[in-house]
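Only one structure is covered here, and it is reproduced in the block below.
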Amino acid sequence: MDLLLWITVGFIIIGFIVLASMKKNMDSKLTFIIRNMESKKSSTKSIVWWIVGTTVWGGASLILIGWWFSGIW
């Protein structure tokens, strides 16, 4: 097996572990925001950045998988 496959698999597995560990924290922050609507400005930044980071991780995973299958890049 080549190195790119191991990098891709490791990236995806480590990403899942990080997202799963952060999910509970984000759920509690979202619950806090819903209960206290007046203080949502400071707490929503971390949730937005978590969503952005998750999207970037997903996109990078798709690119790595495509790169591994095509071997063109």
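Observations
- Here region 1-17 is the region considered, the condition is being in contact (Cβ under 8 Å) with a residue 24 or more places away in the chain and under 17 Å from the mean Cα position of the chain (by Cα), and the residue that is surrounded by the fewest Cβ atoms within 10 Å (Cβ to Cβ) is I7.
- Residue check for I33: assigned to a helix (DSSP H, G or I) and modelled with pLDDT under 85: yes
- Selection count, region 44-73, where residues are within 19 Å of A20 (Cβ to Cβ), β-branched (V, I, T) and more than 10 Å from the chain's Cα centre (by Cα): 1
- In region 55-72, the residues that are in contact (Cβ under 8 Å) with a residue 24 or more places away in the chain and part of a helix (DSSP H, G or I) form Cβ pairs under 8 Å with partners that are open to solvent by 60 Å² or more (accessible area, probe 1.4 Å) and of a type in the set (F, W, Y), at six or more places apart or across chains, as follows: A60/F11; S61/F11; L64/F11; W67/W73.
- L4 being at pLDDT below 85, aliphatic (A, V, I, L, M) and assigned to a helix (DSSP H, G or I): yes
- Those residues of region 50-67 which are open to solvent by 60 Å² or more (accessible area, probe 1.4 Å) and among the polar types (S, T, N, Q), in sequence order: T55
- The lone exception for I47 - which of (1) open to solvent by less than 50 Å² (accessible area, probe 1.4 Å); (2) modelled with pLDDT of 85 or more it fails: (2)
The values are calculated or read from the model by the stated rules, or taken from the named source; none is laboratory data. Given the structure is predicted, the values throughout are model-derived calculations rather than measurements. Glycine also receives a Cβ, built like all others from the backbone with ideal geometry; neighbour counts cover every protein chain displayed. Ligands, DNA and RNA are excluded from the accessible area calculation, which covers all protein heavy atoms including side chains. Shrake-Rupley method; radii C 1.70, N 1.55, O 1.52, S 1.80 Å.
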